[in-house]
Each structure stands twice: as structure tokens, then as C-alpha cells.
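The values are calculated or read from the model by the stated rules, or taken from the named source; none is laboratory data. Note that the coordinates shown come from a computational prediction; the quantities given were computed from them, not determined experimentally. Every residue, glycine as well, gets a Cβ built from its backbone with ideal geometry; the counts of neighbours run over all protein chains shown.
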Amino acid sequence: MKILITAGPTYEKIDPVRFIGNYSTGKMGFALAETCAERGFDVLLIAGVVHLQTQHANIQRIDIESAAQMYEAVMQHFTDCDAAIFCAAVADFTPETVYSQKVKRKDNDLIIKLKPTQDIAAAAGKLKRENQFIAGFALESNDEESNALGKMQRKNFDMIVLNSLNDSGAGFGYDTNKVTILHRSGNKKTLPLMSKKEVAEKSVDEILA
């Protein structure tokens, strides 16, 4: 089986030296990639700007920077995969204008107009075949479960892994995570704080169940 996994942040350029980004390190997505490879999947990992290396020989890696580049890579390869896990922290907005030269400091305010990026997971969800399985991740700060369930419905996921910014030791930058796994069927499993590798193991167990 072939599985596509997205991981890490996207960087949206303002000028040659500045960008809009987020705090994602890619650790969760890379843990998922290693776990899936260990389970016998052929893994296509589409990774944002991270300082991580893959270990398993069954992982093919495509490095991207922007949300537009990740969209192109996912659209090119998604239909060839049996499953996908959307774990990347993709920017929701990107600058409408990218300056070709470094913007100099001035006394006046600099106003940057943003436009929405393409919703990669939703686009894949529209292409999803009946025999494909799609899982996603949701990092929420309020109304966590209802927001995650709404995201699963809108993007045609079969399963979503919810983690909260309100949980200590979970989210961006940590080696641990605390998640609740929600299925389209209504099944729900809440896990205690554990390493991201353990979360990856439990998540893949749920995909293969």
C-alpha cells in the first residue's frame, strides 16, 4: 500500500528575506512517516521547511516551501495513493504581493494584504475514491471537538486526530502529544500524554483497524 503524508509548516514569502510561518516542527508528521514505513507502507512524505531527516528506506521525500507548492505536490500524487494523512500546518493565508527586493524600514506602517491559500486537504477530499482512506490532524484552541468534527465533515476525512493548544506538553515543538482520535463512524478514543512516536503508532493502528 502507498500512503501520502504531509508534515511541517509552510512559509509564505513577503520578500526575499521575510515570510509568514508558524511554529510547526514536523515531528508528528515525520513520526507518522517512519511508523507507516515500518508497517510496510510505501510512504510519500511531502515536507515543509523542517530540520528533520527520514530514516526508513521506504520513505520517499518531497521538500516544499509554500502552500502552493504543497498543493501541487499533493494533487500530483494523491490519486496514486491508497491512503493519506494530512498532518502539515499549512498557512491559511499568503501575501497577495511578494516583493522582489527586501522591504526597507520606513516611518509609515507597512500593510500586507493577504489572500487565502488553497485548501489542500479539502481538494484531496473531493477527489477521494471509495477505497481510499484519509486522515487529518486538527490543532484547536477552543470548541476543540466540535471544530474537529466539522473539519472532518468538510474535508471528507475518514478519521481526524485532535490535539489542543490548551494541553500542556502537546502541540508545536514538543516531543509529546495528547490526542483524541475521532472516526467518521462516531468511534472516539482519547489517549493520554505520550511521545509523538507512540501517538503515531496508535493513529496507524486506528487506520488499519
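Is it the case, given these coordinates, that residue 147 is in a loop (DSSP other than H, G, I, E, B) and either at pLDDT 85 or above or surrounded by fewer than 18 Cβ atoms within 10 Å (Cβ to Cβ) (or both)? Criteria not met by residue 147.
Might you check whether a residue that is without any contact (Cβ under 8 Å) to a residue 60 or more places away in the chain, assigned to a loop (DSSP other than H, G, I, E, B) and surrounded by fewer than 21 Cβ atoms within 10 Å (Cβ to Cβ) occurs anywhere in the range 68-83?
First, pick out the residues of the range 68-83 that are without any contact (Cβ under 8 Å) to a residue 60 or more places away in the chain: 68-69, 71-73, 75-76, 79.
Now drop any that are not assigned to a loop (DSSP other than H, G, I, E, B), which leaves none.
Taking every residue of the range 68-83 in turn, none turns out to be without any contact (Cβ under 8 Å) to a residue 60 or more places away in the chain, assigned to a loop (DSSP other than H, G, I, E, B) and surrounded by fewer than 21 Cβ atoms within 10 Å (Cβ to Cβ).
Kindly evaluate residue 113 against the criterion of being modelled with pLDDT of 95 or more, basic (Lys, Arg) and closer than 28 Å to residue 185 by Cα. For residue 113, the condition - modelled with pLDDT of 95 or more, basic (Lys, Arg) and closer than 28 Å to residue 185 by Cα - is not met.
Exactly one residue among 6, 94 is of a type in the set (Ser, Thr, Tyr) and under 16 Å from residue 204 (Cα atoms), and that residue is 6.
Of the residues making up the range 130-142, just one is among the charged types (D, E, K, R) and surrounded by 10 or more Cβ atoms within 10 Å (Cβ to Cβ), namely 140. For residue 54, indicate whether it is of a type in the set (S, T, N, Q), modelled with pLDDT of 95 or more and more than 23 Å from residue 114 (Cβ to Cβ). So residue 54 fits the description; yes. Filtering the range 1-31 to residues that are closer than 17 Å to residue 73 by Cβ and either touching a Lys or Arg at 6+ places or on another chain (Cβ under 8 Å) or not in a loop (DSSP other than H, G, I, E, B) (or both) leaves 2, 3, 4, 5, 6, 7, 9, 12, 29, 30.
Collect the residues in the range 45-67 that are over 23 Å from residue 173 (Cα atoms) and either in a strand (DSSP E or B) or of a type in the set (Asp, Glu) (or both), keeping them in residue-number order. Lay out the reasoning, then the answer.
Step one: of the range 45-67, the residues over 23 Å from residue 173 (Cα atoms) are 57-58, 60.
Within the range 45-67, 60 is the sole residue that qualifies.
Restricted to the range 18-58, and to residues there that are under 15 Å from residue 90 (Cα atoms) and of a type in the set (Gly, Ala, Ser), the residue that is surrounded by the fewest Cβ atoms within 10 Å (Cβ to Cβ) is 21. Look at residue 130 and say whether it is assigned to a helix (DSSP H, G or I) and modelled with pLDDT of 90 or more. For residue 130, the condition - assigned to a helix (DSSP H, G or I) and modelled with pLDDT of 90 or more - is not met.
Of the residues making up the range 175-209, those that are outside any helix (DSSP H, G or I) and either hydrophobic (A, V, I, L, M, F, W, C) or touching a Cys at 6+ places or on another chain (Cβ under 8 Å) (or both) are 179, 181, 182, 191, 193, 194, 209.
Of all residue pairs spaced 6 or more apart or on separate chains, those with beta-carbon atoms under 6 Å, a first member in the range 149-171 that is farther than 19 Å from residue 201 by Cβ and a second member that is of a type in the set (Ser, Thr, Tyr) and in a loop (DSSP other than H, G, I, E, B) are 165/141. From the residues in the range 175-194 that are of a type in the set (Ser, Thr, Tyr) and either out of contact with any helix residue (DSSP H, G or I) (no Cβ under 8 Å at 6 or more places or on another chain) or without any contact (Cβ under 8 Å) to a residue 24 or more places away in the chain (or both), which one is surrounded by the most Cβ atoms within 10 Å (Cβ to Cβ)? Ranking the candidates gives 176 first.
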